[in-house]
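A.B. asks: Quick one: this structure, given as structure tokens, is what I'll be asking you about.
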Amino acid sequence: MALLEIKDLRASIGDTEILHGINLTINSGEVHAIMGPNGSGKSTLSYVLSGRDGYEVTGGDILLDGESVLEMEADERARAGLFLAFQYPVELPGVSGMSFLRAAVNARLRDAGEEEVDQLAFVKMVRAEAKALGVSDEMLKRAVNVGFSGGEKKRYEILQMALLKPIMAVLDETDSGLDVDALKIVSEGVNALRGPERGMLVITHYQRLLSHIVPDFVHILAGGKIVKSGDKSLALEVEENGYADIANVA
Amino acid sequence: MSPNSAAPLIENDTPRDAAAKRFAAVGWPGKSVEAFRFTPLDSLADRQILHGTASGNRSTKIIDNAVHIQISGGVYDAASSDDMPAGISLTTLQDDTEAQAALFADLPETHPVANLSFAQMSAGIQLSVSADAADDTTLVLDYADGSETSSAFPVIIVDMAPQTRLRLIENHHSAHGLSAPLVHIRMADKSELHHVRLQDEASHSDFVALSQIQAGANTKLNSFTVSKGAKLARCETHLHMLGEHADMSLSHIYLGADEQLLDITTRLNHAVPNCQSNQLIRGVLDDKARGVFQGMVRVAPDAQKTDGQQMSRALLLSRDAEADAKPELEIYADDVVCSHGATVGELDETHLFYLMSRGIPEAEARALLIEAFLIDGLDQIEDPTLSEFLTDAVRSWATDATAS
Ligand SMILES: Nc1ncnc2c1ncn2[C@@H]1O[C@H](COP(=O)(O)OP(=O)(O)OP(=O)(O)O)[C@@H](O)[C@H]1O
Ligand SMILES: [Mg+2]
């Protein structure tokens, strides 16, 4: 079943159209990768999917689990099961990490008509997930992302994903800034969430990540359009030859 | 009230008569008076001077094990107050001519609140903390009740003996048309005061407070005010460092909505060398609210090694809100470290999006960010119990402000 359907999606920032008609369907259980040159619109796509203000959809549709999300605010989309791991996670000085994580999890539970978790149970739950992702207790005590290294921020994104258990996760360059060991840990965290009920869209520049998180499909985004799709071998091709040939084909 | 102008001071006027005449001579200052340029008080002339009466009710307790002092309807209500613990005495000022004269000598000559409140003195009490008082004593001054037609002029003197330590809470939640509390605190050498104040008066109220603090040598002050109630509120504090090595922290948060005007005015007087003062001011303004911070730091010619820090930040939640800041440094000594800064900003859309992208509803996300903006302010409060009291007050405001 299609978890995410992107249909002829056009989107603009201000007066500039950045996405020029994107079509992409992700079925449950599938992992898709998007690769593409800098500035091709990958992060723009991720923001449009998550409903960021200022990213205007001018044509097409986005269906999450069969429902259009275009009229939904960012928070509603998230509670409907969409998750974005940011390319540049945002520092929130003064916002305690624990209250942030708890507010997010409870918002989801509230929506689902379930009981909110109490503080103690929550701390236990977070500690367990954090440990598996190599997120230290010390990091958990700090304000959200404040003073985290680049790699630590990425792990913290995956921790949030693990806690929120989205049905559709978009990971925007989660591998950038990660050292070899962290890449392995984070990939394991992502793979642990792979399952028949979940879909994933992994944005990356490097085949390296895709050898850990093996995708079912690979798409090349160039100039705001998907110019080529294939299986995992397409990533290898990009790694070897760059985008020049592919862009020429398109 | 019409000023019966130019009544001459007579030799045998009492100090209170003299104060009444001083007030009558000029009345409430309008915006032509520099110190009241942002917050003119001439509209207060329409408020009638009508003392209230005690309701006989005791306000609900806010802190465990605190000594409760009830000011109700602007009047000291002994029956609804606790007995003072060992080492602390409460005396009334009404018939204490000596205490009145001493206070009068310390009042600024032309300040409207100093003069009017002292002259009117709907309640007058002196709290004297002696060396026999327990270190962990908490006094609560609870200002309650009143109506739109009543006015309150409580005069409170706090006298701390050397080496004493006190926690003092001022909880203002009355409903007078006009409240003008005058508080005078004397900190003898090596005394330590932890002070918090919540101004949460009724939405029809005008609130103009003048607090004076005289700090002796080696004193320590940790004072924090949250001002969020009233229609017009001015919290003015004059802090005089009169002995060396005074360590003073005097911070404020103001939280305004609708058409509120919230004014924080401080005058710090570094009269002697080696004192340290730190002021942190945080304001959040919604709707058409206005915030004013005026901070004057004066460093006397021989007050070398003064360390005076002042930082104000305002967060505007609406395009119609406005914040004015007027820091003033008057430095006559050369070997000092003084700084001040003022910023005005809005909530960061990127921050908001990050929170919402995690499923947190917009109102809750905004409340989290407002609290985050205020947290380094609240962090200034050293005493955990006092901190909790004000943190709750701030949190409930943030939740209300974002709910609409
Ligand atoms: N706020 C903005 N205003 C105007 N143009 C923007 C804005 N944000 C992005 N763009 C433009 O949109 C295009 C796509 O940017 P986007 O960030 O989506 O690229 P990307 O594929 O994620 O690149 P990278 O690989 O470097 O992360 C770029 O040309 C960029 O300059
Ligand atoms: Mg990008």
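The values are calculated or read from the model by the stated rules, or taken from the named source; none is laboratory data. A quick note: this is a predicted structure, and the numbers were derived from the prediction, not measured. Neighbour counts are summed over all protein chains in view; Cβ atoms, including those assigned to glycine, are modelled from backbone coordinates with ideal geometry. In case anyone asks, the SASA skips ligands and DNA or RNA and just uses the protein heavy atoms, side chains included. Shrake-Rupley method; radii C 1.70, N 1.55, O 1.52, S 1.80 Å.
A.B. asks: Enumerate the pairs (first residue in region A:120-132 and without any contact (Cβ under 8 Å) to a residue 40 or more places away in the chain; second residue anywhere and buried (at least 16 other Cβ atoms within 10 Å of the Cβ) and among the basic types (Lys, Arg)) with beta-carbon separation below 7 Å, excluding pairs fewer than 6 apart on the same chain, so at least 6 apart or on different chains.
C.D. replies: Final answer for the pair search is A:122/A:102.
A.B. asks: Moving on to the next point. Please report, ordered by residue number, the helices (runs of 4 or more DSSP H) entirely within region B:285-404 with at least 1 residues that are among the aromatic types (Phe, Trp, Tyr), touching a residue at least 40 places away in the same chain (Cβ under 8 Å) and within 14 Å of chain A (Cβ to nearest Cβ). If you could, list the steps in order and put the result at the bottom.
C.D. replies: Values: elements: B:349-356, B:362-378, B:384-403.
Those helices (runs of 4 or more DSSP H) span B:362-378.
A.B. asks: Follow-up question, since we're still on this one. Quick check, is residue A:102 within 14 Å of another protein chain (Cβ to nearest Cβ), away from ligand 2 (no atom under 16 Å from the Cβ) and open to solvent by 50 Å² or more (accessible area, probe 1.4 Å)?
C.D. replies: Yes: the conditions hold for residue A:102.
A.B. asks: Considering A:50, A:43, which residue is within 16 Å of ligand 2 (Cβ to nearest atom), under 21 Å from residue A:110 (Cα atoms) and either under 17 Å from the mean Cα position of the chain (by Cα) or small (Gly, Ala, Ser) (or both)?
C.D. replies: A:50
A.B. asks: With respect to the numbered conditions (1) more than 16 Å from ligand 2 (Cβ to nearest atom); (2) buried (at least 16 other Cβ atoms within 10 Å of the Cβ); (3) more than 18 Å from residue A:68 (Cβ to Cβ), which one is the sole condition not fulfilled by residue A:26?
C.D. replies: (3)
A.B. asks: Kindly evaluate residue B:375 against the criterion of being modelled with pLDDT under 95 and either open to solvent by 70 Å² or more (accessible area, probe 1.4 Å) or aliphatic (A, V, I, L, M) (or both).
C.D. replies: yes
Listed here are the residues, each with its yes/no results for (1) open to solvent by 20 Å² or more (accessible area, probe 1.4 Å); (2) closer than 20 Å to residue A:224 by Cβ; (3) more than 10 Å from chain B (Cβ to nearest Cβ); (4) assigned to a helix (DSSP H, G or I).
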{"residue": "A:34", "(1), (2), (3), (4)": "no, yes, yes, no"}
{"residue": "A:38", "(1), (2), (3), (4)": "yes, yes, yes, no"}
{"residue": "A:43", "(1), (2), (3), (4)": "yes, yes, yes, yes"}
{"residue": "A:58", "(1), (2), (3), (4)": "yes, yes, yes, no"}
{"residue": "A:61", "(1), (2), (3), (4)": "yes, yes, yes, no"}
{"residue": "A:71", "(1), (2), (3), (4)": "yes, no, yes, no"}
{"residue": "A:77", "(1), (2), (3), (4)": "no, no, no, yes"}
{"residue": "A:84", "(1), (2), (3), (4)": "no, yes, no, no"}
{"residue": "A:89", "(1), (2), (3), (4)": "no, no, no, no"}
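To keep it simple, each residue is scored yes or no on (1) within 14 Å of ligand 1 (Cβ to nearest atom); (2) among the polar types (S, T, N, Q).
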{"residue": "A:149", "(1), (2)": "no, yes"}
{"residue": "A:164", "(1), (2)": "no, no"}
{"residue": "A:182", "(1), (2)": "no, no"}
{"residue": "A:190", "(1), (2)": "no, no"}
{"residue": "A:200", "(1), (2)": "no, no"}
{"residue": "A:203", "(1), (2)": "yes, no"}
{"residue": "A:215", "(1), (2)": "no, no"}
{"residue": "A:222", "(1), (2)": "yes, no"}
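A.B. asks: Do you know which of the residues in region B:301-317 that are open to solvent by less than 30 Å² (accessible area, probe 1.4 Å) and not hydrophobic (A, V, I, L, M, F, W, C) is farthest from residue B:264 (Cα to Cα)?
C.D. replies: Here the residue is B:306.
A.B. asks: Same structure again: Go through (1) within 12 Å of ligand 1 (Cβ to nearest atom); (2) over 24 Å from residue A:153 (Cβ atoms) one by one and return the number of the condition residue A:66 breaks.
C.D. replies: Only one criterion is unmet by residue A:66, namely (1).
A.B. asks: Which one of the conditions (1) within 18 Å of the chain's Cα centre (by Cα); (2) within 14 Å of chain B (Cβ to nearest Cβ); (3) under 23 Å from residue A:198 (Cα atoms) does residue A:133 fail to meet, given that it meets all the rest?
C.D. replies: The one condition residue A:133 does not meet is (2).
A.B. asks: All but one of (1) outside any loop (DSSP other than H, G, I, E, B); (2) within 16 Å of ligand 1 (Cβ to nearest atom); (3) farther than 23 Å from residue A:205 by Cα hold for residue A:21; which doesn't?
C.D. replies: (3)
A.B. asks: Now for a separate question. Does region A:39-60 hold any residues that are more than 8 Å from ligand 1 (Cβ to nearest atom) and of a type outside the set (Ser, Thr, Tyr), and which are they?
C.D. replies: If we filter region A:39-60 for residues that are more than 8 Å from ligand 1 (Cβ to nearest atom), which is where we start, we get A:48-53, A:55-60.
If the condition is that a residue be more than 8 Å from ligand 1 (Cβ to nearest atom) and of a type outside the set (Ser, Thr, Tyr), then A:48, A:49, A:51, A:52, A:53, A:56, A:57, A:59, A:60 are the ones that fit.
A.B. asks: Which of (1) among the small types (Gly, Ala, Ser); (2) farther than 18 Å from residue A:85 by Cα; (3) surrounded by 21 or more Cβ atoms within 10 Å (Cβ to Cβ) does residue A:14 not meet, given it meets every other one?
C.D. replies: It is condition (3) that residue A:14 fails.
A.B. asks: Please indicate, with yes or no, whether at least one residue in region B:136-148 is closer than 28 Å to residue B:101 by Cβ, in contact with a strand residue (DSSP E or B) (Cβ under 9 Å, 6 or more places away or on another chain), open to solvent by less than 10 Å² (accessible area, probe 1.4 Å) and of a type in the set (A, V, I, L, M).
C.D. replies: Checked against the condition, which is being closer than 28 Å to residue B:101 by Cβ, in contact with a strand residue (DSSP E or B) (Cβ under 9 Å, 6 or more places away or on another chain), open to solvent by less than 10 Å² (accessible area, probe 1.4 Å) and of a type in the set (A, V, I, L, M), region B:136-148 yields at least one hit.
A.B. asks: Still on this model: Which of the following residues is crowded, with 21+ Cβ neighbours inside 10 Å, in contact with a Pro (Cβ under 9 Å, 6 or more places away or on another chain) and within 14 Å of chain B (Cβ to nearest Cβ): A:143, A:107?
C.D. replies: A:107
A.B. asks: Out of curiosity, is residue A:90 within 16 Å of ligand 1 (Cβ to nearest atom), out of contact with any strand residue (DSSP E or B) (no Cβ under 8 Å at 6 or more places or on another chain) and farther than 19 Å from residue A:185 by Cα? Full working, then the answer.
C.D. replies: Numbers: within 16 Å of ligand 1 (Cβ to nearest atom): yes; out of contact with any strand residue (DSSP E or B) (no Cβ under 8 Å at 6 or more places or on another chain): yes; farther than 19 Å from residue A:185 by Cα: yes.
It is true that residue A:90 is within 16 Å of ligand 1 (Cβ to nearest atom), out of contact with any strand residue (DSSP E or B) (no Cβ under 8 Å at 6 or more places or on another chain) and farther than 19 Å from residue A:185 by Cα.
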